Each structure stands twice: as C-alpha cells, then as structure tokens.
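Each remark here refers to the structure printed beneath this line.
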Amino acid sequence: MLKLIIISAFRSLLKYKQMSLINLFGLVLGLTSFLFSVYYIVYEYSFDSFFDKSENIYRINYEVSKQGEPIYQGAKSPRGLFHAIREQIPEVEANGCAYFEKCQVLFEDTYYANQDILWVSEDFEDVFPLDMIAGVADYSAPRLGIISETAAKALFHDKDPVGRIMEVNGEMPIEITGVFKDMPSNTHLTAKYFVSYKTWVEMGIMGERGDWSGGWWNYIKMKKGVSKDQSLQKINGFVEMYMPFLADDHREASFSLQPLKDLHFIQGIDGEMGANTNYSSLINLIVVALFTLFIAWINYVNLSTAQAQTRSLQISMRKLVGASNIHVWHQSLAESIILNLFALTISFVIYLIFKNTFADFFNIPLKEAYIPPGNILLILLAIVALGILFSSIYYGIYLARMNYIVGKDKVKGGKFKQGLVMVQMALSIIFLISTMVVYKQISFMKNKDLGIELNGVILCTGPASLNPDPQKREKYQGFKNEILSFAGFESATFNVFVPGMEPIGYTQREFVNPEQGVTSGTVYYENSADDGLINTYKIDLLAGNNFGISRRQNINDVLINQNALKQLGFENPEEAVGRWIFRRGDTTRLEIIGVVNDFHNEGLQKPIYPMVWNNNYPFEFGYFAIRVNTKNLNESLAQLKSVWNRHFTKDELNYSFADQHFNEQYKSESRYSKFYVWLTILSIAIATIGLYGLIVFYLTKRDKEIGLRKVNGASAIQVVGLLNKDFLSWIIISFVIAFPVSWYAMNTWLENFAYKTNLSWWVFAIAGMAVFSIAVLTVSLKSWKAASRNPVEALRYE
Amino acid sequence: MIKLRNIDRYFDSKFQRTFVLKGVDLDVEQGEFVSIMGPSGAGKSTLLNIIGLLDEPNAGEYYLLGDPAFQLKEKKKVQYHRSHIGFIFQAFHLIDELNVYENIETPLIYRNVKTKERKALVADLLDRFNMVAKKDLFPSQLSGGQQQLVAVARAIVGNPKLLLADEPTGNLHSEQGEMIMKLLKKLNEEGMTIIQVTHNEAFANYGSRIVKLVDGLIQEDYQVKK
C-alpha cells in the first residue's frame, strides 16, 4: 500500500511538472524566508541561555513611587539587597550584584579607553559561571579581576595575563586571576572585564555592607523547584526592614523579578543593561514570517485543488476500484509530504550556504551567538508538519466531496479558492503598507528637528591617558584653542555624555530647589560642558548667560533645560536665573546662570527629560564635541588628527559623527524594517506565483471557451480584458479587507513612539497601486498568450 | 441478482422536469450476459450507473444480491465496489500514473490482499491476457485494445460477481472490439454476470439477452437466439 501511494505520488508530481515546479518554488521561497526568520528569532530568544541553569536566574527590578505616582522604575536596586538576600533567604542558590562602568585600562605601554568593566560582588561566578580558559574567577578580595580572551590578547599581547597587574583608571592596580572565553554575542552582560567591587571598599569609596539607595544590578539564582514568588515576598519584606527612610517623604518601594532571558528586551525602564531589542517588533516579525509561510501554503492548497479538477477522473477511478476517501487522502498527503520535504531540503541547503551572508547583510552578530542545537530544525519540522496536515486535510475533504460519477468533473469550492487568493493578496497589501509606514516612521525620527543640530558635530573620545593628570583641563584648553584657530572649526565643548547615549552612573541625580519647599523625586541628568556647549550643538539660550570662558568664572554655576526648570518649580526662565539649587544630600550652592531650550538628548522613543550642566571637567575622560564646517570635511579631519596627535601623544584620535551616533538608536527599528522589506517582497512574490498558477489552470479549463469566443469574433484584447475582469475583482475586494486592517495595525504600532509620523493616504494608494499593477501584469502576460493563439488549436479535439 | 422496480431518474430545471429513466423494471439473474441497447440519450448509461451504484434513482427500489441498494451510505458503496462489482468504460480510464502491472494490482491493494497472493493473481491474469511482456508499460504506451484489456483485467482481478461495461468497444476498431467481446463472452461462460451498454448490434449479440431502451423506457427485452 505504502509503495503504491509513494509511487503514485512521485509519478503524478512528475506528470504535472509545471504545477509541481510552481508549487515547489513558492514553498521554497516561503520556507527559506521563514527559516532565516526563525534563525534570528531563536537567536533573540536564546539570550543568556548559555549560562548554566539560566532559567533559574532573575534580575531584581526596583520601583519607587510617591503618593501613587511612580518616580523611579528601573533595573537598578540597592546594594544592601545583596547581603540581605545572601544572609536571610536560603532558597536562593546564589546571588550577586554588579556595577557597570566604562574605564580606562593600562598594561605597560598599552592603553584602552572606554572599556566595559563590570564591578562585581564575591561569588558572582556562582550566578554567572564563565567558561575559563586560564586561571579562575576570583572576586573574594580587593584588586582581583578576570579578562576576556580577546581583551587579554589586545592588552597583554603574547604575555600570559594570569598573575599580571592591569592599571584601571590610573589608580587601581588589578591582578588578573583568570581569562574567560569570549561570551556568545547574545548576552546582556557585554563586559570584557569582571573586577571585584571590594576594590572600591578598600579605597574607601563605599562601605563594606552597601546602602539601600539603589544604583546596582542585583541578580539571584533560585534553587531548583523553589517558587520565585515566595522569595520575592521575602525580598519585598526588606523594604520595611531596611528602608524606613522612604516613609519620611511618603515614598514607597517594591521589587520585582525579571527572568534572565528577557533582560535584552527593551522594557523602557531606567538603567537597563544591554537591552536593545524591541519586543513588539520581534513579535511582529514572527507574525509576518508565519504569514509569509501561510501564503505559500495557500498557494499549495489552491493549486492542488485547482489541479484536482483536471485529475478528478483519475481520483474517481481510484474510488471505483475500491479506494476509500481515506485512501484518496493518503494519496494527497503523500504528495504534500514529498513536495514539502523536498522544498524543506532545498531551503535548508540555501540556509546553510547563506547563513553568514544573512548575518552580515542584516548586521546581526549571529556567527558569534549561542544557538541552542536542534532548535531551528525542530521548529521548522513542527511548522512544516502542521502545514502539511493543514493543507492535505483541506485537500482531502475537497477530494472526498468530489462527484462520484465518472466523467463529470463538476466540483464545488471555487468560491473558497477565490477567497484564499483574496486572503493572499490582502496579506501582501497589509505587509506593503506596514513596511512603508515603518520606513516613514524611521525617516521621520531621523529627520525630526531635535532642538539641537548634530549635523557637523564630531565626537572625540576624551584622552584616557590624561585621566590621572592634574593638568588635564589645561591641556584640553590648549588643544581647543589650537583647533579653533583653524577656519574649518567653529566651536568645541567637553561633555560627560553626548546626545544619543543613555546617561548612566554618577550622572543621575536629584536636584532640590529650596524655595519650592518640597523635595522633588525626579531624576535629573547632570552633564558637564564648557562655554562651547551652546554654539557646538546650536542650542537656544532662553534666558541668562552662557558659561564664561575662564574656569574661575563658573565655579558652581549651572545651566538647566526647560524641563528641569519645570521640575524645579520655576514659572519661567527669567525667574530661574540667579537662583540657587542643591544636589540632594549636598550643601554646595549651585547658581542657575542660564536656561536652554528642551531638546532630544535620546531617540524619539523616549520623552525629553530634565538636564543640568556644570562646568567641571569630566571626572573621567568624557567626550570632546567639535562643530566643524562640513564643506572641507576631509581637510578638517586631517587637521584635527594632526592637532590631536601633537597634544595627546599617548592616545589615538577616536571619533564619530554626532548625527550618525544618534541614529544608532534606531538600529533595532532599521534592522526590523529591513526584515520587513524582504519578507514583503517575498510574500508578494509567492502570492504572484500563486496567482500565476491559478491563471495557468483557469486558462486550461477555459481553453475551449476562449477558442469559441475568438471564432465568434472576439479580439485578443477583449479576451485578455475578460480574464482580467475575473481576477481583478477579487483583488479589489482584497483592498477593501486590507486597508482597515493595516490602518488599525499601524496605528497601534505607532503608539510605541513618543513622537510619531502620521498615516498618510498616499501610503495606502501606493501599496494598492503596486499590488494591483503586479496582478494585472501577471494576468495579462499569461492570458495574452492564450488569447492570441489560433482558436483551431483549442477546438481541434472537439 | 439484480432487481429494479419502478426506477425514476430525472433532472429538474427551472420550469420542467426531464426524465432520463421512467418506471424501469428490470431483473437480471446470476450468470446472464445482458446487452443494453438504444439510441443516444435513451438512458442506457444512467441505468448502468444506477446498477453500478455510481448514481442514485430519484424514485423506485433497487435490490442488489438481495439487499436494498437504493439508499446506501458512501462507505457501503465502497465495500460493494471492492468486492462485488467490476467496471470497464469506453475511454478505458486506467490510472495514468501507474503501469500495467500496478493498474491491475491496485484493486487488490485497496482490498488489503496479501502481497504474495496479489502477485499470484496479477501474474495469472497477465499470463492469461498475454500481457506479461507489457507489464511495465504505462497506459499511454499501449494501443486502445491493449488498454481495454488491462481495464478488463483490473475489473475482474478481484473476482467480482458482476461486471458492468459501458460501451467497452466504443473507442476501438472492430478487430480489437471483437477480441474484447470474445473475452467478455468467455468470462460469462466461466460464470460471471455481465451487463454491457452498446450501440453495436453485432456485439450485442455476444450476450444472452438484449434490453432495448428508448426515451427512458424499456421497449424490448428478449433472449438472443443462438
């Protein structure tokens, strides 16, 4: 029986070669695009899963509210939690806390600035065990740390790093106890160095036990089988036990647990680390990828049932010699399985060949990622099995319903087939509209007036070797004076952080306006700048003055933005100028000397926040922002390089353009939009293939009718028009379905952005026109051939 | 074996009812070889289809092998087709994707006959019909007469009690037609009940009895004189 089924399936696939090829082509397109999407999706869902028992690891998130209004929602929590959990919650297998900082590292003559260092608690490796290739991970004493394989090669060259000392920020000699294998790219822990935070305790920067004010990432690893809710309850119990100070100004705090694998999804909370994937975009991608495959299967079902009409006699014969409906269904199932497996094999080969090209094209670090073995194939097989079942069950029912009488091939279900074509077309139009809206939003974000001008601003990483130098400000001033003496350079300032970069660490502060009477719970971002700030970024000074040129003029002077003005309780910019404010917990009087306009310091996903600028030279190396005339950019860059090298002999010039740097924030959106474009093109292609197949089938069926019409005087153009009319009426109906659906979907998507583009009518018009033209072209090209044929050929066998 | 009583078969269009068969009574005994004759549109094929359970009468009663067969479920019909009725057609209707051997074998497979037994039965028939050399050919590679021969083999491989032939010689030239008719006659002599529809007077005479149908009514019904 099996042999009969398989032999028949193979032979009938070969017999209807054109249909089989069209089917195969559509399936391969659908499966291949789906396979690549799955590859990426599995990558996104495997973040941090390479850590042992990763499913039991959580980060503790922290929320503070005041009279019901949330004032802090973030990933950072008090260090005090670390000791409290360690000592009081036995069902936690291990826990750790960490602080992330960009630091300068030095070994002999080799310097690197902006290195990602994670300052960690002792036993941190119990939560996140790293793959050590030399030595061990040991954070039990001050001044101990480990380094990644790549970083070790760069810093220590050929020397064995274990036991050697690297200098951090010019003041902390750290002994390397081990080298770890580079982590896969899909981890939220992007650090290349892990150093014991006890170093800071020893230096007296902070206490041994840690306080309860926040600022650290706390992780816990639950024991197997222990409910996390119970532990969370205990953790929340610490609020009452250790944080009574919150009640003093009516604040309430609570903790929550976020699973490790979710940490790289952007939650929109403060102080996330390595969060760079927009979750809803990922879900959209999954839906789009599934729909692409769905369109391919619709093709399969449509073409198979269409074909079944020509094959109805054969099927009736099988029934006559004793085949039951189940037998007939098995037959169609076999064909479906063979075709799908064949398509799957081709797709998988394409996938294996172009895996790396795909990663490069979409700029995803897939090659270095940890992909759980077997997952991709498993998902694919499951989905394909589902598809085979779905398509062959429908086909089987269709066959069973076929008329019994030999020679009469009247079969119903044409309406349903048209319905399927409409669904395909509607999906294609929806994809097209969505892709266009996504692009429109990205270009809107890239082109919107930010309130500052980033075009023409060069951002240089501050010289790391100057960090311990007491003369660093004077050296900067010398560099600045010389570079501005060239005609191409207009203005320059130093900064701790620059636009497009999330302000982290010590730059988050609370400010107090004593005259307002109440303490504000708002987090402000404090930046450093000099008198070049306003001209470099072309910010508007609304009231008051800029910083003076000389440092002595500006001690304890600050500039604030409009948002800060409002948060501090001032009525208008003029009122604020000359008033004093304080950093919370600090008695230094800061005088507001000027107020600047609000601008977007970060991408348009985020609202504008309060900012304060002081005139202190960056406490680490910071950035130098320089406005340059873009006319002679190459010449200016050459000048910048030579001036830099003269002033900062130990540090390479490391620069980027501020506008490009800012647009990096839209990387996730850009990547997804690139995905969408490709999936849209493919789905339209597959739908067109399906349409083509159906036309081929229709033309064979209407061969005689066309011949008769021509014999009776119809011109070829009239015949083409007639056939077009049939097909295009379905497509017009699919517009009617697609427009409201895509309008609703894109409206919902745009809600993700604080600032958004509008849904213009022309997006719909263009999408409609495009799909319509493709359909008309397909139908006309194919039917023209049939219509211009000599009718005798069609009628010969009558 | 076959008992038809007052069989009506009609089609309704908007304004009128067109009868294909009207009040047909027919009895066929085991071992008979009946030829149904008549002009085009007389209802010959419809009658054969009703007998073969491919079509249902709108009114009347039909007993096949003593069982009421006018309201059978689909599943039951499959059972009858598997074990009691064989068909041959004017256009042969072999399964294109299968070769001669497989075409003959297929009914046995659907009846779950064991491989060994299947091989024996098919080999027997190939031998008997002189088709051993052609067993690997596909229908499109055979002449009409050969195709019909395969169709006969396929129809009788399951040893049915009843063989229905709808103009089995219609697409054949006379020499081939004669060969098929001789074969049918021989099968009848071996005990198989056969009902055929034919236009050809000479071929009708191969049977033992002729039923003449005109406008859905049985006009004549007589034994063939030997």
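Please report, ordered by residue number, every helix of chain A (full DSSP H runs) that is 24 Å or longer along its axis going by C-alpha atoms and whose mean Kyte-Doolittle hydropathy reaches 0.0. Mind showing how you got there, number by number?
Numbers: long enough: A:17-45 (40 Å, 1.08); A:279-310 (47 Å, 1.15); A:325-361 (50 Å, 0.99); A:375-400 (37 Å, 2.16); A:414-447 (49 Å, 0.86); A:667-701 (51 Å, 0.78); A:716-750 (48 Å, 1.23); A:761-787 (38 Å, 1.40).
Those that clear 24 Å and a mean of 0.0 are A:17-45, A:279-310, A:325-361, A:375-400, A:414-447, A:667-701, A:716-750, A:761-787.
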Over the whole of B:107-117, what's the average partner chain Cβ count within 10 Å per residue? Rounded to a whole number, please. 3
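Using the C-alpha gyration tensor of the range B:1-144, what are the square roots of 5 times its eigenvalues, in whole angstrom, with the largest one first?
34, 19, 15
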Distance in Å, no decimals, from the C-alpha centre of the range A:219-294 to the one of the range A:531-602 is 35 Å
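Counting partner chain Cβ atoms within 10 Å of every residue's Cβ in A:318-330, what's the average?
Working: counts 5, 6, 14, 18, 15, 7, 8, 3, 1, 4, 0, 0, 0.
Per residue, the number of nearby Cβ atoms from other chains is 6 on average.
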Could you check how many percent of all C-alpha pairs in the range A:55-262 are farther apart than 30 Å? 26 percent
Taking B:Lys14 as the anchor, which lysines have their alpha carbon closer than 22 Å to its alpha carbon, excluding any fewer than eight residues away along the same chain? A:Lys408, A:Lys410, A:Lys412, B:Lys22
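Averaged over peptide B:90-98, how many Cβ atoms belonging to another chain are found within 10 Å of each residue's Cβ? Before the final figure, lay out the partial values.
Details: counts 1, 3, 1, 8, 2, 9, 8, 12, 7.
That works out to 6 on average.
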Which net charge results when you count Lys and Arg as +1 and Asp and Glu as -1 among the other residues whose beta-carbon is under 14 Å from that of A:Pro372? -3
Jot down the radius of gyration and Dmax of the range A:115-237, Cα atoms only, both in angstrom. 16.0, 51
The convex hull of the Cα atoms of the range A:537-591, divided by residue count, gives a volume in Å³ per residue of 98 Å³
Per residue, the convex hull volume that the Cα atoms of chain A enclose (Å³): 213 Å³
Using the basic label-point model (7 angstrom from Cα toward the beta carbon), what is the A:Trp762 to B:Lys185 distance in nanometres? 8.7 nm
Obtain the nm distance between the two label points defined at B:Lys76 and A:Tyr755 by a simple spin-label model: each point lies 7 Å from its Cα along the Cα-to-C-beta direction. 7.8 nm
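Say R0 is 30 Å: what FRET efficiency, to the nearest 0.05, do A:Arg143 and A:Asn356 get from their beta-carbon distance?
Here the calculated transfer efficiency is 0.15.
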At R0 = 22 Å, how high is the FRET efficiency between A:Asn597 and A:Ser443 if r is their beta carbon distance? Nearest 0.05 is fine. 0.35
So if each residue of separation counts as 0.36 nm, and I subtract the Cα-Cα distance between A:Lys102 and A:Asp123, what length gain in nm does that give? 5.3 nm
Helix B:174-189 against the longest principal axis of chain B: what's the angle in degrees, Cα atoms only, rounded to the nearest 10? 80 degrees
Lysines whose Cα lies under 16 Å from that of A:Lys480, excluding same-chain neighbours fewer than 8 positions away: A:Lys472, A:Lys641
Grab the DSSP H runs of the protein assembly as shown that are 4 residues or longer, score each as -39,500 (n - 2.57), total them, divide by all residues and round the 222 nm result to the nearest 500 deg cm²/dmol. -15000 deg cm²/dmol
Counting only the backbone N, which residues of the range A:661-699 are under 18 Å from the spot 7 Å out from the Cα of A:Leu637 toward its beta-carbon? A:661-664
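How much net charge surrounds B:Lys44 when only the other residues with a Cβ under 15 Å from the Cβ of B:Lys44 are counted, with Lys and Arg +1 and Asp and Glu -1? Display every interim value, and only then the final one.
Numbers: positive: B:Arg9, B:Lys22, B:Arg209, B:Lys212; negative: B:Asp55, B:Asp166, B:Glu167, B:Glu201, B:Asp215, B:Glu220, B:Asp221.
Here the charged neighbours net out to -3.
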Do any GluC sites (Glu not before Pro) in the range A:513-572 lie in a loop, going by DSSP, with at most 14 other beta-carbon atoms within 10 Å of their beta carbon, and if so which? A:Glu571
Under 19 Å from A:Lys224, Cα to Cα: lysines that are on another chain or at least 8 residues apart: A:Lys53, A:Lys234, A:Lys261
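Which of the pairs A:Lys475/A:Lys606; A:Lys192/A:Lys650; A:Lys367/A:Lys606 have their Cα atoms more than 26 Å apart in this structure? Present the calculation step by step, with values, prior to reporting the outcome.
Details: A:Lys475/A:Lys606 36 Å; A:Lys192/A:Lys650 23 Å; A:Lys367/A:Lys606 31 Å.
The pairs that break the limit, which is 26 Å between Cα atoms, are A:Lys475/A:Lys606; A:Lys367/A:Lys606.
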Cα→Cβ-extended label distance, 7 Å offset, between A:Leu2 and B:Asn205, nm: 5.6 nm
Using only Cα atoms, locate the centre of the range B:116-156 and the centre of the range A:1-66, then give the distance between them in Å, rounded to an integer. 46 Å
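Highest mean first, what order results for A:783-789, A:71-77, B:150-156 on Cβ atoms within 10 Å? Can you show the working numbers first?
Working: A:783-789: 18.1, A:71-77: 20.7, B:150-156: 24.4.
Top to bottom by mean Cβ count within 10 Å: B:150-156, A:71-77, A:783-789.
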Given R₀ = 22 Å, what would the calculated FRET efficiency be for A:Asp109 paired with A:Arg164, taking r from the Cβ atoms and rounding to 0.05? 0.95
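FYI, it's all coordinate maths here, none of it is from the lab. Everything quoted here is computed from the prediction, not taken from an experiment. Cβ atoms come from the backbone with ideal geometry, glycine included; neighbour counts cover every protein chain shown.
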